[in-house]
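Structure, as structure tokens:
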Amino acid sequence: MEASGQKIETVMVGDRTIPPEGARYITIYIMGQAYQVPETLTILKAMEFAGYQYKRGCGCRGGICGACGTVYRKQGDHTLHTGLACQTVAEDDMILAQIPFFPANRADHGGVDTSLSPDEQIATLYPEIFRCVGCGTCTRTCPMDIDVMGYIAHFKRGDVMRGAKTSFDCIMCGLCVSRCPANISQMNVAMAARRIAAGQMTPRSETTKNRAEQVNAGRYEEMLAELGQMDKEELKTLYVEREREPDLSLPGEWMPHDQTKL
């Protein structure tokens, strides 16, 4: 209820599946309760069909944001499986539990001593990486098929850049952290490494540096003032008729005819 007294309506996330006539139903178990849902649905849609409403643990629905990490077992199978609820198809006799958040250790990345070498910074922020026993559970858990154990091994050997590249596709779902017997927060270690690699190890672009100097010197102030005087239709026309770089052109191969504003 708002301070004004006006009632706030709950906004439904997603849409409930309408099964076609004759659809086959399967049984899934959510927190121990059995539900009949149409087959072929993802876990996320199956849970919504069963009446659950996602307020946390649901984001892009496209396998990118990592918000819907899920663990499940199948009846008669001792193996604990993991996946993203928006990407994994529900199966008959699947026993589900979702991990919308996992309390992973996150060190203060901003407080690290940058006079240390990159590998020393990682070791200072996350000394627990040296407790890795190489079981590979993190790699088998990853829904993105990232070699998680491999990039932790790179950090232990001091190869921060290689570890940062190996972890680049991480979506921060936290499933690896939830299964690690050494209590390592792999996703946060990798994020720190990527920031260190980008900020301290990647060569600076001379083009970007020169352009920043031009901006700071006021080179584009007059052009921006001209744009500010145009009405909406003029801006639309200018945008639509702009010179565009051809698709798939090689770096440095294309230059606009009008180079006065470069």
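Which ³J(HN,Hα) values, rounded to whole Hz and listed in residue order, are derived for region 207-212 from phi using the Karplus coefficients 6.51, -1.76 and 1.60 in 6.51 cos²θ - 1.76 cosθ + 1.60 with θ = phi - 60°, glycine and proline given as x?
Per-residue couplings from phi come out as 4, 5, 4, 5, 5, 5 Hz.
Give me the 1.4 Å probe accessible area per residue for the chain, excluding ligands and nucleic acids, in Å².
With the other protein chains kept in place, the chain gives 64 Å² per residue.
Taking the inverse of the average 1/r across all pairs of different Cα atoms in region 80-236, what Kirkwood radius in Å do you get?
18.6 Å
How charged is the neighbourhood of Leu80? Take every other residue with its Cβ under 11 Å from the Cβ of Leu80, and add Lys/Arg as +1 and Asp/Glu as -1.
Computed value for this residue: +3.
No other cysteine beta carbon under 4.7 Å away is the test; run it over the chain and list who passes.
Cys58, Cys68, Cys86, Cys132, Cys135, Cys142, Cys170, Cys173, Cys180
Anyone know which of Gly111, Gly136, Gly69 comes out most mobile in the 10 Å Cα GNM of the chain?
Judging by the Gaussian network model, the answer is Gly111.
Taking +1 at the Cβ of each Lys and Arg and -1 at the Cβ of each Asp and Glu, which of Leu175, Thr40, Gln87 sits farthest along the dipole of the chain towards its positive end, judged by Cα position relative to the Cα centre?
Leu175
Send over the per residue convex hull volume for the chain, Cα only, as a whole number of Å³.
Enclosed volume per residue, from the Cα hull, is 274 Å³.
Hey, any idea what % of region 51-116's accessible area is carbon plus sulfur with a 1.4 Å probe?
Exposed carbon and sulfur together represent 50 percent of the surface.
Just to confirm a number: summing +1 for Lys and Arg and -1 for Asp and Glu over residues other than Leu96 whose beta-carbon lies under 13 angstrom from that of Leu96, what do you get?
-1
Return the long-range amide H neighbours of Met94 (sequence gap of 5 or more, or a different chain), with a cut-off of under 5 Å between placed amide H atoms.
Those qualifying (amide H under 5 Å, at least 5 residues apart or on another chain) are Tyr29.
The values are calculated or read from the model by the stated rules, or taken from the named source; none is laboratory data. Bear in mind that the values here come from a model prediction, so they are computed numbers and not experimental data. Positions of Cβ are backbone-derived with ideal geometry, glycine not excepted, and every protein chain shown enters the neighbour counts. What goes into the accessible areas is simple: the full protein's heavy atoms, side chains included, and nothing from ligands, DNA or RNA. Shrake-Rupley method; radii C 1.70, N 1.55, O 1.52, S 1.80 Å.
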